[in-house]
Amino acid sequence: MPMPPTPCMGPAPLDMLDLVDLTSSQKTAVVTLLKKQIERMDKNAEAESPDLRMESQKAMRTAMEKGDVEAVRSLASHKGEEVTRRLVEQATFVAELRGILTPEQLKRLDALRDRLALRFERRMQDAGDGPEGIGGMRAERPAHRPGGPEHMRPPRMFPEEMKRDMQRWIDENS
């Protein structure tokens, strides 16, 4: 069974855009969208400095240690709202990006993403950590390795890496 697509369209969405033959006007639209996304990311980074994050974690830890249910509920609710806002923002970006593409390009992009997801799943199965376990036999996944071996997981891009990748694409396509 293929893995579900990742929220960001796959392991390397910007590189996959190069494979769907964008027109010059589409490249311009993508460049504009990426610049807007970089601005949003910078704004988010300013709003959530490491100091604020540590302060929030400390407040949650203190509330937990004191058994202050209302404070925990309030802090968790705030965190949930923040996560929701960011996920909606990411989905909006992906929707806008996909809106630039033609139906044929979307079909090709989705096929590329699905092929990469299938390749990743096969690597996990070969490593004995896939859904069928070692040698195709069903096996329970060890508790200390819930997502498989670290080197087999898709790379997680952090905001600075994402911004660098976006800027690289902008520079190459402007």
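The values are calculated or read from the model by the stated rules, or taken from the named source; none is laboratory data. These numbers come from a predicted model, not from an experiment. Cβ coordinates were reconstructed from backbone atoms using ideal geometry, including for glycine residues, and neighbour counts include every protein chain displayed.
When only residues in region 16-56 that are outside any helix (DSSP H, G or I) and among the charged types (D, E, K, R) count, which is nearest to Arg86 (Cα to Cα)? Full working, then the answer.
Of region 16-56, the ones outside any helix (DSSP H, G or I) are 21-23, 48-49.
From the residues that got through so far, the ones that are among the charged types (D, E, K, R) too are 21, 48.
On the way: Asp21: 30, Glu48: 12 Å.
Only one residue fits best here, namely Glu48.
What residue, of Pro142, Pro103, Pro155, is exposed (fewer than 13 other Cβ atoms within 10 Å of the Cβ), more than 19 Å from the chain's Cα centre (by Cα) and modelled with pLDDT under 85? Show your work before the answer.
On the way: Pro103 fails: modelled with pLDDT under 85; Pro155 fails: more than 19 Å from the chain's Cα centre (by Cα).
The unique qualifying residue is Pro142.
Restricting the search to region 73-109, which residues are under 13 Å from Leu17 (Cβ atoms), in a helix (DSSP H, G or I) and hydroxyl-bearing (Ser, Thr, Tyr)?
If the condition is that a residue be under 13 Å from Leu17 (Cβ atoms), in a helix (DSSP H, G or I) and hydroxyl-bearing (Ser, Thr, Tyr), then no residue fits.
Counting only residues that are in contact (Cβ under 8 Å) with a residue 24 or more places away in the chain and acidic (Asp, Glu), which one in region 83-126 is farthest from Met166 (Cα to Cα)?
Across region 83-126, the extreme among qualifying residues is Glu121.
Cβ-Cβ below 7 Å, separation at least six or inter-chain, first residue in region 27-39 and free of Cβ contacts under 8 Å to residues at least 24 places away in the same chain, second buried (at least 17 other Cβ atoms within 10 Å of the Cβ) and of a type outside the set (A, V, I, L, M): which pairs?
Short answer, once both residue conditions are applied: none.
Which numbered condition trips up Leu97, out of (1) of a type outside the set (Lys, Arg); (2) under 19 Å from the mean Cα position of the chain (by Cα); (3) surrounded by 13 or more Cβ atoms within 10 Å (Cβ to Cβ); (4) at pLDDT below 70?
(4)
Which one of Gly128, Gly135 is surrounded by 13 or more Cβ atoms within 10 Å (Cβ to Cβ), at pLDDT below 95 and on the phi > 0 side of the Ramachandran plot? Lay out the reasoning, then the answer.
Details: Gly135 fails: surrounded by 13 or more Cβ atoms within 10 Å (Cβ to Cβ).
Within the list Gly128, Gly135, the selection yields Gly128.
Which of the residues that make up region 40-82 are surrounded by 14 or more Cβ atoms within 10 Å (Cβ to Cβ) and touching a residue at least 60 places away in the same chain (Cβ under 8 Å)?
Hits for region 40-82 are Met41, Asn44.
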